[in-house]
1. Do we find that E68 is under 17 Å from the mean Cα position of the chain (by Cα), part of a helix (DSSP H, G or I) and modelled with pLDDT of 95 or more in this structure?
2. Could you tell me whether region 286-295 includes any residue that is within 30 Å of T92 (Cα to Cα), within 16 Å of the ligand (Cβ to nearest atom) and at pLDDT 95 or above?
3. Taking into account only those residues within region 237-249 that are hydrophobic (A, V, I, L, M, F, W, C) and either at pLDDT below 95 or under 16 Å from Q173 (Cβ atoms) (or both), which is nearest to the ligand (Cβ to nearest atom)?
4. Going by the structure shown, is V226 open to solvent by 10 Å² or more (accessible area, probe 1.4 Å) and of a type outside the set (D, E)?
5. Of a type in the set (K, R), within 20 Å of the chain's Cα centre (by Cα) and surrounded by fewer than 22 Cβ atoms within 10 Å (Cβ to Cβ): is that true of R289 in this structure?
6. Condition (residue is in contact with a helix residue (DSSP H, G or I) (Cβ under 9 Å, 6 or more places away or on another chain) and of a type in the set (S, T, N, Q)) applied to region 253-264: is it met by at least one residue?
7. Only one of R282, R275 is in a strand (DSSP E or B), over 30 Å from H107 (Cα atoms) and in contact (Cβ under 8 Å) with a residue 12 or more places away in the chain; which?
8. Kindly provide the set of residues from region 236-265 that are open to solvent by 10 Å² or more (accessible area, probe 1.4 Å), within 20 Å of V81 (Cα to Cα) and polar (S, T, N, Q), ordered by number.
Amino acid sequence: MLIRRAPRFTSNEITDRKVYLSRREWMIGAAALTLLPGECGAATPQGEPLGATRNDGLSLKEPPTKFEAATTYNNFYEFGVNKDDPARLAHTLKPRPWTVQVDGLVHKPKTFDVDELSRLFPLEERVYALRCVEGWSMVIPWIGFPLASLLKRVEPTGQAKYVEFTTLLDPKQFPGQRASLFGFALDWPYTEGLRLDEALHPLTLLTVGMYGQVLSNQNGAPIRVVVPWKYGFKSAKSIVRIRLTSNEPPTAWNKAAPREYGFYSNVNPAVDHPRWSQATERRIGEFRRRSTLPFNGYGDQVRHLYAGMDLKKYY
Ligand code: MTE
């Protein structure tokens with residue numbers, strides 16, 4: 001976001017998942033040999049297979065981006081500002097045990113173990129495109145459940161109008177939160193927000209996996225939100241708290257650069273970011289740029305949420 005780097009991938013540069021996994025097994029084996037006693041910690045289930053029922057009705061009919069690209073070209077500033085920092089450094093994140101506190105303006109606040117959530121709500125696979133404000137996009141088979149299912153369970157009060165997401169704050173696990181390491185810092189912890197009706201929209205997915213397996217650390221393990229009609233930065237990673245509020249919650253990127261990152265951040269080819277045109281995008285793995293669609297192609301499903309709003313003002 002603050003640092004501009006062109007995507008490095010072309011379709012023939014990207015390794016197949018099978019080759020990637022065998023190479024990865026080799027690397028994990030080699031890494032285990034070099035670990036000091038006690039460094040191993042609890043086994044993290046990232047990479048383990050995760051079953052889910054494909055929701056074809058809510059899935060893009062496009063081939064997914066190669067797994068290796070989706071797990072090595074990331075934005076996760078808690079691990080640094082470069083696209084390859086998260087894949088290199090995310091082993092310091094311990095995604096189990098992990099709890100998510102759901103509270104604020106609700107009748108039944110509760111702290112859930114992340115694995116309890118995956119048992120409570122049937123997991124679906126949905127292929128969504130993630131469109132980054134930097135002008136690239138990826139097509140990812142996410143696994144998760146509608147955020148609405150969780151919110152309905154805790155029963156929002158009549159005063160609840162917004163939902164705030166908070167990422168874990170722990171500089172020991174997130175080197176980027178030790179600002180001196182990278183010379184760049186958001187106001188940690190990373191927070192994001194949605195209006196309650198956006199959060200309750202059936203497309204909004206709390207995500208615990210991708211590509212048929214448990215979410216990798218660099219993609220926001222153990223749980224992140226995915227909001228497919230908004231720019232990628234709305235999709236907060238490694239969430240520890242979901243809080244219902246009556247006022248619009250402040251968000252990390254909006255606090256850092258208010259002119260560049262609005263609260264709504266609906267994908268809108270007609271409103272350019274001050275530094276990047278939003279008219280087109282490049283799917284990672286493709287050469288040609290394609291036209292960006294309003295609401296990232298979900299206009300029919302979500303346009304009504306913004307009836308009567310000036311989306312240039314509420315960017
Ligand atoms: N969540 C946290 N906690 N920290 C981040 O830096 N980056 C955001 C979003 N969620 C970010 C985050 C941005 S800018 C994008 S584009 C997406 O995550 C990238 O998701 P991906 O790396 O899984 O493609």
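The values are calculated or read from the model by the stated rules, or taken from the named source; none is laboratory data. Just so you know, these numbers come straight off a predicted model, no measurement behind them. Glycine gets a Cβ as well: all are built from the backbone with ideal geometry, and neighbour counts include every protein chain shown. When the accessible area is computed, the model is the full protein with side chains, heavy atoms only, and any ligands, DNA or RNA have been set aside. Shrake-Rupley method; radii C 1.70, N 1.55, O 1.52, S 1.80 Å.
1. Details: under 17 Å from the mean Cα position of the chain (by Cα): yes; part of a helix (DSSP H, G or I): yes; modelled with pLDDT of 95 or more: yes.
Spelling it out, E68 is indeed under 17 Å from the mean Cα position of the chain (by Cα), part of a helix (DSSP H, G or I) and modelled with pLDDT of 95 or more.
2. So in region 286-295, the residues within 30 Å of T92 (Cα to Cα) come out as none.
For region 286-295, residues within 30 Å of T92 (Cα to Cα), within 16 Å of the ligand (Cβ to nearest atom) and at pLDDT 95 or above: absent.
3. To start, the set of residues in region 237-249 that are hydrophobic (A, V, I, L, M, F, W, C) comprises 239-240, 242, 244.
In the following step, the residues that additionally are either at pLDDT below 95 or under 16 Å from Q173 (Cβ atoms) (or both) were identified as 239-240.
Working: I239: 8, V240: 10 Å.
Here the answer is I239.
4. Numbers: open to solvent by 10 Å² or more (accessible area, probe 1.4 Å): no; of a type outside the set (D, E): yes.
Considered against the rule, which asks whether it is open to solvent by 10 Å² or more (accessible area, probe 1.4 Å) and of a type outside the set (D, E), V226 comes out as no.
5. Numbers: of a type in the set (K, R): yes; within 20 Å of the chain's Cα centre (by Cα): no; surrounded by fewer than 22 Cβ atoms within 10 Å (Cβ to Cβ): yes.
Here the answer is no, as R289 does not meet what is asked.
6. No.
7. Details: R275 fails: in a strand (DSSP E or B).
Result: R282 is the single residue among R282, R275 that is in a strand (DSSP E or B), over 30 Å from H107 (Cα atoms) and in contact (Cβ under 8 Å) with a residue 12 or more places away in the chain.
8. N254
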